[in-house]
1. Test each condition in (1) touching a residue at least 40 places away in the same chain (Cβ under 8 Å); (2) crowded, with 17+ Cβ neighbours inside 10 Å; (3) over 21 Å from residue B:148 (Cβ atoms) for residue B:28 and report the one that comes out false.
2. Taking region B:331-345 as the search range and keeping residues that are touching a residue at least 60 places away in the same chain (Cβ under 8 Å) and within 14 Å of chain A (Cβ to nearest Cβ), which one is farthest from residue B:321 (Cα to Cα)?
3. Only one of B:348, B:364 is aliphatic (A, V, I, L, M) and either over 18 Å from residue B:533 (Cα atoms) or within 14 Å of another protein chain (Cβ to nearest Cβ) (or both); which?
4. Please specify each residue of region A:15-57 satisfying the condition of being farther than 30 Å from residue B:173 by Cα and either in contact (Cβ under 8 Å) with a residue 24 or more places away in the chain or hydroxyl-bearing (Ser, Thr, Tyr) (or both).
5. Consider residue B:606 against the criteria (1) within 14 Å of another protein chain (Cβ to nearest Cβ); (2) modelled with pLDDT under 85; (3) assigned to a helix (DSSP H, G or I): it satisfies all of them except one. Which criterion is unmet?
6. State whether the residues of region A:126-134 include one that is of a type in the set (Phe, Trp, Tyr) and surrounded by fewer than 20 Cβ atoms within 10 Å (Cβ to Cβ).
7. Can residue B:325 be described as farther than 30 Å from residue B:287 by Cα, within 14 Å of another protein chain (Cβ to nearest Cβ) and either in contact (Cβ under 8 Å) with a residue 40 or more places away in the chain or among the basic types (Lys, Arg) (or both)?
8. Take the residues in region B:525-567 that are β-branched (Val, Ile, Thr) and either assigned to a helix (DSSP H, G or I) or modelled with pLDDT of 95 or more (or both), then tell me which one is farthest from residue B:514 (Cα to Cα).
Amino acid sequence: MEARLTGISRRETLKYLGYAGSPLPEDVLEQLSAGEREILQRAAPRVLWRLFDRGPAGELAGTGYTPAGDDIRDLLRDCDQVILMAATLGMETEALLRRTQASDMARAVILDAAASAAIENVCDNLCADLAEAFAPRCLTDRFSPGYGDMPVSQQAELFRLLDISRRIGISLSESGLMVPQKSVTALIGVSDRPQGRRSRGCEACAMSADCAYRKGGTSCGKT
Amino acid sequence: MEKHELIILDGAMGTMLQAAGLPVGQIPELWNCTQPETVAAVHRQYVEAGSRVLYANTFGVNRFKAAGCGRSVAELVEGGVRCARMAADGRDVKVALDIGPLGQLLEPLGTLRFEEAYDAFREILVSGERAGADLVIIETMSDLYEVKAAVLAAKENTALPVWVTMTFEASGRTFLGTTVPAMGLTLSGLGVDAMGFNCSLGPEKLLPLAEELSRWTDRPLILKPNAGLPDPATGAYSMTAEDFARKLAPAQELGVSIFGGCCGTTPAFIRALSGSLKAASAPRRAADRHGVCSAARTASFDGVRVIGERINPTGKKRFQQALREADIDCIAALGIEQQDAGAEILDVNVGLPGIDEPAMMRRVVKALQAVTDLPLQIDSSDPAAIEAGLRAVNGKAIVNSVNGKPEVLAAVLPLCKKYGAAVVGLCMDQDGIPQDWQGRCRIAERILDAALSYGIPREDVLIDCLTLTVSAQQEQAAHTLRAVRYVTEELGLRTVLGVSNISFGLPAREQITLSFLTQALHAGLALPILNPNQAATMDAVAAYRVLSGQDRDAEAYIRRFASVPAQERTTAAPGAGMSIKDAIMRGLRQETKGLTGQALEQMSEMDVVDRLLIPALDAVGESYERQEIFLPQLINAANAACEGFELVKERIAQRGGASVSKGKIVLATVRGDIHDIGKNIVRVVLENYGYTVVDLGRDVPAEKVVEAVIRENVRLVGLSALMTTTVASMAETIAAIRESGHDCRIMVGGAVLTPDYAAQIGADYYARDAKQSADIAKQVLG
């Protein structure tokens, strides 16, 4: 299953920038387009997934790992298998974001927002591909460490089981942060019955680092 | 070991141990101490299958990954080497100390410092040699900088041969962006004994990479691929041992001589290799590509390469001031600017009386590597500064320079050899600069002989025939050009030349400089050192590349001139009737600069700042708060204002005054947090309000913040934290600052913080966004 970055939604990019609907001058629109174009050109998305059977106690068979927390247990209640997934825009994008922060901060915030929209697109595409591949079985929404009551420290288990650093080059810091920043790991349940949709929440969002909505005490409404 | 003799390595270890009952989740190296016989038994299976080099079970042993497992690094390493020795002894089998990635990302993308990585590797290496390893294999690496730390640690602390294999994607780059040429050039230079690829891809996909690598190094080549890719549904590798061996066989025709297997391989794969590979690989062709590089970009020596000269304090007041104030961002910006203008190598000179040059060189090299990917030229006459620069460089650098003086050659050439750098030799010696071309060429020959005697390859010797000022010594221009031709054609060496000095003291300097540059290029000049920001000079280089055939079908030339806008904006003509405030509100940089220049003719610098620039920024801030503009526009405006501030700073530097600042603020993203775009936005905005920001970066421990707060004697500190887990270290940092007794205000910000939470952990102010942090600064500092 190939990583696919098929587009960057302008609406998403603007949301991540905390846009409140004032008129956008021509030169700012051009900056936005240029930023989105640059991410589309420079990103080298990579994805990785693996299927595990889910044991009677909720553990992933043969791994010694049981996903922690009530929320994930609820999500997986009807599932007999679990997919672990990881996706990233790659270090190329990370280096671009960091370098631009040193030279042109206006461009940097736009690139950052566009990259957040891009990694969401890559994850959505992977999930769509998985849903197709597993049909007629049904998939749950994706659920990431840090969301709900699942601690961020669970990242380490996902990294170990998927061999994420070696396979797609994401690095995990001791405090549980991923580099490249525009990376996502998640669990997806597989079952025979359709699953209700669930919110993924701000903690799981690639933009949570600097989301204006969040700091304003609201949310973008997407998740 | 014979260069082309076939050497068979072993296959995977971790999966073999799991098959032998290793509990999931336990680090496999623990068995080196608790079940040595089981580990040795796996090694024996590989020996039986034909392995002549066993990788000790030490891949994951380092102070980061093995922390908390109950055994020390030394115990695990010594146990691992002992297990392999048990299987090897009495046979013609060598034991390699196996070193994998540390698992922590190095600077600049990560936060692990190069020097810390070196220490972590040294610890493993010293134990490994003591335990009896025959060689060192550094493998599965994707960061060339991490490899360099490991190689230097091996060379400086052991006498063992060093092999390196890195992990590439089919794109020809590692995850960190290291290219095959950069790997070949850098590791050959560092004196690695064999190199190649492991893991990542199946055998057939590694063949093109091996062919490319063979053009950049003469060292023996290694391939240790995976058994294809694992099936996501089962985790199993599907390639058969026979298929694996058959697909690797063509590599012998490329001259690859060292083979093994990585993930998914077993003793059966090694047996298949032993049975099917020929006893000797085809002879290697000599490497035919040369050059210098960063990890991600190579400036090959097969055409004209422009060296940017701007990072140099000579005659530049503003740059000198930046050096004295350790304004590293200002220096790094010169790197970005030159790369954008077309420089392919950056000269780095930070020599200034009163500056700790080695320390500054290390800092500037690292700062440049964070913002550009150009190869660097370390420009100094101080061997300690040269070594500090060469050590910090990620890639293969140039040293600028040596000359014909024996003591200079003896001090600098060993450094070039050790770190694998190319070197510029100036055609002068203890008797000065010879006044004829023959004299200069004789010195060039002497420098070449000296370099060769130290083992520096011929193609890494670059000669500077020296440009003298034509207004003072008119006949010298012809001698310089003649010397360039001789060194290029007769000695077969590449030449370097700083060109702009030629026109000093004459009117319309550009005419002389351009004409000289063009003649020098036609005489063979390969590496002109110049100011790439002067478009006419770069135009001349572009034209030369067409005429010399380097720019095939004039593609680059056409691209260069197709993109010139019909009417370029100039600083001379700001929009009629536009005020500085309008220009800043609309984010127009050139206009702001032009208008500031006009204002400075009538007003003092401080008046321009206080009466024009700051009020304009205040208006922008209000507009942002009313949500009439959003974040990119706020920053556009701040950047435009920055142009005005820069002009003010230049004026003040020109008359030798201290820099204008409204006060100093320390900023840091706290320990554990590595995502710092929010803090960086705050920095840009504060700087553009005229404050001096001491940015400590990210993942900053509390004691470093305290130390900086006291050293800089600041009255305001800004801290950012992104995650709930790191707000704890923010609280610790605040407590540490309070405990130090230093009187200052603390403002905090970050996604998970709220005003209540900020008060709870003892902060004085909560800053919701960059605009609010500027308001707080104004309140505290004025």
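1. (1)
2. Filtering first and then ranking leaves B:341.
3. B:364
4. Once the filter is applied, which keeps residues that are farther than 30 Å from residue B:173 by Cα and either in contact (Cβ under 8 Å) with a residue 24 or more places away in the chain or hydroxyl-bearing (Ser, Thr, Tyr) (or both), region A:15-57 yields A:15, A:16, A:17, A:18, A:19, A:22, A:52, A:53, A:54.
5. Exception for residue B:606: condition (1).
6. Yes, region A:126-134 contains at least one residue that is of a type in the set (Phe, Trp, Tyr) and surrounded by fewer than 20 Cβ atoms within 10 Å (Cβ to Cβ).
7. So residue B:325 does not fit the description; no.
8. B:558
The values are calculated or read from the model by the stated rules, or taken from the named source; none is laboratory data. Everything quoted here is computed from the prediction, not taken from an experiment. With ideal geometry, Cβ positions are generated from the backbone for all residues, glycine too; neighbour counts draw on all protein chains shown.
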